[in-house]
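The values are calculated or read from the model by the stated rules, or taken from the named source; none is laboratory data. In this text, all values refer to a predicted model and were calculated from it rather than measured experimentally. Note that we place each Cβ from the backbone using ideal geometry, even for glycine, and neighbour counts take in every protein chain shown.
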Amino acid sequence: MQPSISARELLTTTRAVRKRLDLTRPVEREVIEECIAIAQQAPTSANTENQHFVVVTDPIKKNALAELFRRGWQTYVNLPRPASNKSEDSRRDATQSRVGSSAEYLRDHLQEVPVHVIPCIASRTEGMPTVMQSEVWSSIAPAVWSFMLAAHSFGLGTSWTILHLFYEKEAASILNIPYKEVMQAALIPVGYTKGIHFKSVPREPVSKVVHWNSW
Ligand SMILES: Cc1cc2nc3c(=O)[nH]c(=O)nc-3n(C[C@H](O)[C@H](O)[C@H](O)COP(=O)(O)O)c2cc1C
């Protein structure tokens, strides 16, 4: 467990942890379940009965999920997108290259991460109007972030990943998730961190993103 830290520090230092995950140290079942119990306190549109968390420690299943993740990565990379203007912001370029190298590390080592947590919601959003899609996603996303914050408070590192969802149906069949009724929201790799000190990172100035009374 981390020495007690303030809410502000927890909220500003819960980073995407990839290269600093300890791949050799197991994570106790009770700690994962405590993080999930904390996550269940997050807001939902109705109640928490629709939320489920599939916790994967089986090496064969983690391997299979990592394979799907890598396929998803390739699919994502090959998506057509508009030609990007060469950025003039060198700080942003440096950040992108740091995040890219970190994400590649996770892609290559995902199967070795001690625990994969797959948060799910018992609904499917395909074809729903935006308001109903928002209701579903907003009933799981805050819980996932709470899980990540709680994990950080216990000395664990996490990151939010989604690329296996290109092949969600295959992941559902690996994990016996009833695909027609239950949607996977993410795949959160979880492990103890090497060292416990994490820093906040530069973001856009608040003045650039806040719109008081009008955009
Ligand atoms: C919707 C979403 C999808 C993401 N997908 C991935 C992913 O597939 N792989 C990955 O390594 N990180 C993924 N991330 C993590 C972001 O890349 C991470 O938040 C970003 O690197 C910022 O890192 P920081 O916490 O160090 O500021 C995702 C985050 C979000 C919110």
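Here's the yes/no breakdown for (1) within 20 Å of Leu165 (Cβ to Cβ); (2) at pLDDT 95 or above; (3) among the β-branched types (Val, Ile, Thr):
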{"position": "Leu23", "(1), (2), (3)": "no, yes, no"}
{"position": "Glu33", "(1), (2), (3)": "no, yes, no"}
{"position": "Gln41", "(1), (2), (3)": "no, yes, no"}
{"position": "Ser45", "(1), (2), (3)": "no, no, no"}
{"position": "Phe53", "(1), (2), (3)": "yes, yes, no"}
{"position": "Pro59", "(1), (2), (3)": "no, yes, no"}
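Of all the residues in the stretch 1-53, those that are within 16 Å of the ligand (Cβ to nearest atom), under 18 Å from Gly195 (Cβ atoms) and touching a residue at least 12 places away in the same chain (Cβ under 8 Å) number 12. Select from the stretch 67-83 the residues that are within 15 Å of the ligand (Cβ to nearest atom) and of a type in the set (A, V, I, L, M, F, W, C) and write down the one among them that is farthest from His116 (Cα to Cα). If we take residues in the stretch 67-83 being within 15 Å of the ligand (Cβ to nearest atom) and of a type in the set (A, V, I, L, M, F, W, C), then Leu79 is farthest from His116 (Cα to Cα).
Residues that are assigned to a loop (DSSP other than H, G, I, E, B) and either in contact with a Pro (Cβ under 6 Å, 6 or more places away or on another chain) or hydroxyl-bearing (Ser, Thr, Tyr) (or both) within the stretch 122-146 comprise Ser123, Thr125, Ser138, Ser139, Ile140, listed in sequence order. Taking the stretch 187-205 as the range and being exposed (fewer than 14 other Cβ atoms within 10 Å of the Cβ), within 10 Å of the ligand (Cβ to nearest atom) and either without any contact (Cβ under 8 Å) to a residue 12 or more places away in the chain or part of a strand (DSSP E or B) (or both) as the test, only Arg203 passes.
For the stretch 35-49, state whether one or more residues are of a type outside the set (Lys, Arg), in a strand (DSSP E or B) and within 15 Å of Gly191 (Cα to Cα). Checked the stretch 35-49: no residue is of a type outside the set (Lys, Arg), in a strand (DSSP E or B) and within 15 Å of Gly191 (Cα to Cα).
With closer than 26 Å to Ala46 by Cα, within 12 Å of the ligand (Cβ to nearest atom) and surrounded by 16 or more Cβ atoms within 10 Å (Cβ to Cβ) as the only criterion, which of Ala141, Ala151 stands out? Answer to the selection: Ala141. The residues listed here are Ala83, Ala143; of these, the one that is touching a helix residue (DSSP H, G or I) at 6+ places or on another chain (Cβ under 9 Å) and of a type in the set (Gly, Ala, Ser) is Ala143.
Contact map, the stretch 143-163: first residue farther than 17 Å from His52 by Cα and at pLDDT 95 or above, second residue surrounded by fewer than 21 Cβ atoms within 10 Å (Cβ to Cβ) and of a type in the set (Lys, Arg), Cβ cut-off under 9 Å, separation 6 or more or different chains; pairs are His152/Arg15; Gly157/Arg15; Gly157/Arg20; Gly157/Lys194; Ser159/Arg15; Leu163/Arg70; Leu163/Arg71; Leu163/Arg107. Among all positions in the stretch 166-186, there is no residue which is touching a residue at least 24 places away in the same chain (Cβ under 8 Å), closer than 16 Å to Thr14 by Cα and within 14 Å of the ligand (Cβ to nearest atom). In the set (1) within 15 Å of the ligand (Cβ to nearest atom); (2) surrounded by fewer than 19 Cβ atoms within 10 Å (Cβ to Cβ), Ser159 fails one condition alone, (2).
Residues in the stretch 49-74 that are over 19 Å from the mean Cα position of the chain (by Cα) and farther than 15 Å from Ile177 by Cβ: Glu49, Pro59, Ile60. Among the residues of the stretch 88-132, those that are within 13 Å of the ligand (Cβ to nearest atom) and acidic (Asp, Glu) comprise Glu104, Asp108.
Being outside any helix (DSSP H, G or I), on the phi < 0 side of the Ramachandran plot and not small (Gly, Ala, Ser) is a property that does not hold for Ile174.
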